[in-house]
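Each value in this text was obtained by applying a stated rule to the coordinates, not by laboratory testing. Bear in mind the structure is a predicted one, so any value in this text is a computation, not a measurement. Cβ sites come from the backbone with ideal geometry, for glycine too, and all protein chains shown count toward neighbours.
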Amino acid sequence: MEATVARTGTEGKTWGGGKKSPLKASYGKLMMWFFITSDALTFSGFLAAYGFSRFKFLDSWPIADEVFNHFPFLHGVDAPMYYVAFMTFILIFSSVTMVLAVDAGHHMKKAKVTIYMLLTVVGGLIFVGSQAWEWKNFIKGTYGAVETTGGQILQFVNTDGERVALKDIAVDLKEDRVVHERKNGVWYSTDESTLPTYSINEIKEGFKTKNNILIRTLENDENGAKIILSREESLAYMDNRAVNVVEGANLTHNEYGPPLFADFFFFITGFHGFHVSIGILLNIIVFFNVIVGTYERRGSYEMVEKVGLYWHFVDLVWVFVFTFFYLV
Amino acid sequence: MAHDATHQDDGSAVKRIWSVFGILSLVTIVEVILGIIKPEFLVKTTFIYMSLLNWIFIVLTLYKAYLITWAFMHMEHESKGLRRSVVWTGLFLIAYLLFILLTEGDYIYEVYQNGQMTWDF
C-alpha cells in the first residue's frame with residue numbers, strides 16, 4: 001500500500017492539496033468570480049468593438065449630449081446627461097443596499113437582510129424602467145433627418161444653428177404613397193413596415209421654400225462641432241443626394257448618425273439591461289429565501305454574498321458603459 | 001472560510017460602505033459637470049492621441065471600478081492569489097484587446113481619409 005502513495009513533499013503547504021483551500025474562498029464564490037471574469041471579457045469585447053468603430057468614424061460620430069438629452073416631464077428642454085446620471089446613482093445606490101445586505105448577513109440579522117434585499121430589487125427595477133424609457137426616446141427620435149445615397153445623415157438647422165424638426169419643413173403634397181413590399185421590388189429588398197410621416201419629396205419641396213433652413217452634416221470641424229453647409233450647398237445636397245426620410249433609430253437607419261451607433265447602443269445597453277434583469281430575478285429569489293428562513297437554517301448567508309458579487313459586477317459594467325457611451 | 005477575513009466590528013464595515021458611496025457619488029457628479037461644461041482647455045489639450053478631458057474621464061472611471069471591486073465586492077479581504085488571478089488576467093486581456101482594436105480602427109480611419117477618392121458617394 002505504501003508504494004502507491006506518492007509523496008510530493010508539499011503536504012501541508014498552500015498548494016499541497018487535501019482539505020486546504022489555497023484561495024481561501026468557498027467553491028460557490030470562486031465559481032462566481034470565474035463567471036464574472038469571463039463576462040467582463042464579453043463586455044470589454046463589446047466596448048472595444050464600439051471603440052474600434054468610433055475610431056473608424058472619428059470625425060463623424062454623433063455627440064452623445066445631443067442624442068440623450070431628454071428628462072421626464074421636461075419636454076423640449078435640453079437636459080444633456082441628467083437622466084443617465086440619475087440612472088447611475090440608482091444603480092450605485094442599489095449596490096450600496098446590496099453590500100449592506102451582505103454585511104447584515106454576516107451578522108445573521110435576518111430582518112435587516114430582508115429590507116436591504118427588497119431595496120436592492122426596487123433599485124434594479126427603477127433602473128431597468130429608466131433604460132426602457134431611454135430606448136423609447138432613442139427609437140422614436142426627436143427631429144428626424146434625411147439620408148443620402150451613400151448612407152450619410154443630413155440634419156436640419158436654422159440660421160442660428162438650432163435643430164429644426166421635419167414637421168416644420170415638410171409641405172403636404174397630397175401624394176399617393178404606398179408601403180413598399182418585397183414582392184413588388186428586387187428580391188434582396190425588405191418589406192417596409194411603415195411609411196415615414198413625410199415623403200422625401202415633401203421635405204425637398206418644403207426645404208426649397210424655407211430660406212432660413214440649412215443642412216448640418218455629420219462631419220466635425222476642427223473644434224469638434226458639426227459642419228453646417230451654406231444655403232446654396234444645402235440646396236444642392238437636397239437635390240442631388242437626399243433619398244430617404246429617417247425618423248428615430250433602428251438597426252439599419254438612424255437619424256443621429258451612422259447606423260453602427262444605434263446598433264452598439266442597442267446591443268451594449270441591451271446586454272447590460274439583460275444582465276440587470278437577471279440580477280433582479282436572482283435578488284427576488286434570494287429575497288424570498290431570506291424570508292422563509294432558508295439561510296437561517298443553513299447557518300450562513302453566503303448566497304446573499306454570491307448574488308451580491310454578480311449585482312456589483314453589473315454596476316461595475318454600467319460605470320464603463322456610462323463613460324464610453326455618454327461621456328467620452 | 002471567507003468569514004474570518006471579513007469579520008469586523010459592525011460599525012467600521014458599514015462606515016466604509018457609506019464612505020465609498022460618498023466617493024463614488026462625488027466622482028460621478030464631477031464627471032457629469034465636466035461632461036456638460038466641457039472646459040475648452042481640457043478639450044483642446046491632446047495627450048497621447050486623446051483630449052485631456054477624455055483621459056480624466058477614463059482615470060476617474062478606473063478609480064470608480066477599483067472602489068466597487070475592492071470595497072463592494074470585498075476584493076480587499078480576499079486572498080492575494082484570488083485577487084491577482086481575477087484582476088491581472090482581466091486587465092491584461094482587456095488592455096491587449098483595446099490596443100489591437102483601436103490601432104486597427106485608427107488605421108481604417110486613415111484609409112478612408114487618404115486611401116481612396118471618396119467613400120461618401
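Structural remarks
- Placing unit charges on the Cβ atoms only, positive for Lys and Arg and negative for Asp and Glu, gives the range B:1-78 a dipole magnitude near 420 debye about its Cα centre.
- Debye, to nearest 20: dipole size of chain A, +1 on Lys, Arg Cβ, -1 on Asp, Glu Cβ: 1800
- Cα Rg over Rh - the range A:183-248, Kirkwood: 1.07
- Treating r as the C-beta distance of A:T149 and A:K174 and R0 as 41 Å, the FRET efficiency rounds to 0.95.
- Residues of the range B:10-26 falling in the label zone of A:H107, defined by backbone nitrogen less than 15 Å from a point 7 Å along Cα to beta-carbon, are B:10-18.
- Degrees, to the nearest 10: A:270-292 long Cα axis against longest axis of chain A: 40
- Label point distance in nm, B:E76-A:L30, each placed 7 Å from Cα along Cα→Cβ: 2.6
- Note on the protein assembly as shown: Kirkwood hydrodynamic radius from all Cα pairs is 25.1 Å, rounded to one decimal.
- Across the options B:T46, B:L67, B:I17, the greatest Cα extent toward the positive end of the charge dipole of the range B:1-78 (unit charges at beta carbon of Lys, Arg, Asp, Glu) belongs to B:T46.
- Value of [θ]222 nm, deg cm²/dmol, for chain B, DSSP H segments ≥ 4, -39500 (n - 2.57) each, nearest 500: -23500 deg cm²/dmol
- Among A:V146, A:V186, A:V96, the largest mean-square fluctuation in a Gaussian network model of chain A, built with springs joining Cα atoms closer than 10 Å, belongs to A:V186.
- Residue separation of A:T114 and A:N212 scaled by 0.36 nm, minus their Cα-Cα distance, works out to 29.2 nm of gained length.
- Ranking A:L251, A:Y50, A:Y198 by Cα position along the charge dipole of chain A, where only Lys, Arg, Asp and Glu carry charges on their C-beta atoms, puts A:Y50 farthest toward the positive end.
- Using 0.36 nm per residue and subtracting the Cα-Cα separation, the extra length available between A:K140 and A:S189 on full extension is 15.3 nm.
- Part-to-part distance (alpha-carbon centres) for the range A:283-310 and the range B:55-69, which is given in Å: 30
- Here the range A:145-247 is treated with +1 on each Lys and Arg Cβ and -1 on each Asp and Glu Cβ, and its dipole about the Cα centre works out to around 140 debye.
- Helix A:110-140 and the longest principal axis of the Cα set of chain A meet at an angle near 20°.
- Residue (of B:A95, B:H77, A:G123) at the positive-pole extreme of the protein assembly as shown, dipole from beta-carbon charges: B:H77
- Listed from fewest to most Cβ neighbours within 10 Å, the set A:T37, B:T69, A:T194 follows the order A:T194, A:T37, B:T69.
- Spin-label pair B:K44/A:D221, simplified geometry with 7 Å Cα→Cβ offset, distance in nm: 1.5
- Most fluctuating residue given options A:S53, A:S26, A:S189, as computed from a GNM of chain A linking Cα atoms under 10 Å: A:S189
- Share of Cα-Cα pairs in the range A:6-48 lying beyond 11 Å, as whole percent: 71
- Compared with the rule-of-thumb size 2.2 N^0.38 Å for a compact globular protein, the range B:79-121 has a Cα radius of gyration ratio of 1.98.
- Under 5 Å between amide hydrogens, built in the peptide plane, is the criterion, and for A:V246 it picks out A:A145, A:V146, A:E147 among residues at least 5 positions away or on other chains.
- Mean residue ellipticity, 222 nm, helices only, chain A: the sum of -39500 (n - 2.57) across DSSP H runs of n ≥ 4, divided by residue count and rounded to 500, is -16500 deg cm²/dmol.
- Range of Cα positions in the range A:138-261 per principal axis (Å), largest first: 46, 34, 25
- Cα-based helix-to-principal-axis angle, A:200-209 vs chain A, degrees rounded to 10: 60
- Comparing A:G45, A:G270, A:G144 in a Gaussian network model of chain A, where Cα atoms under 10 Å apart are tied by springs, the biggest mean-square fluctuation is seen for A:G45.
- Residue order, fewest to most beta carbons within 10 Å, for B:I58, A:I280: B:I58, A:I280
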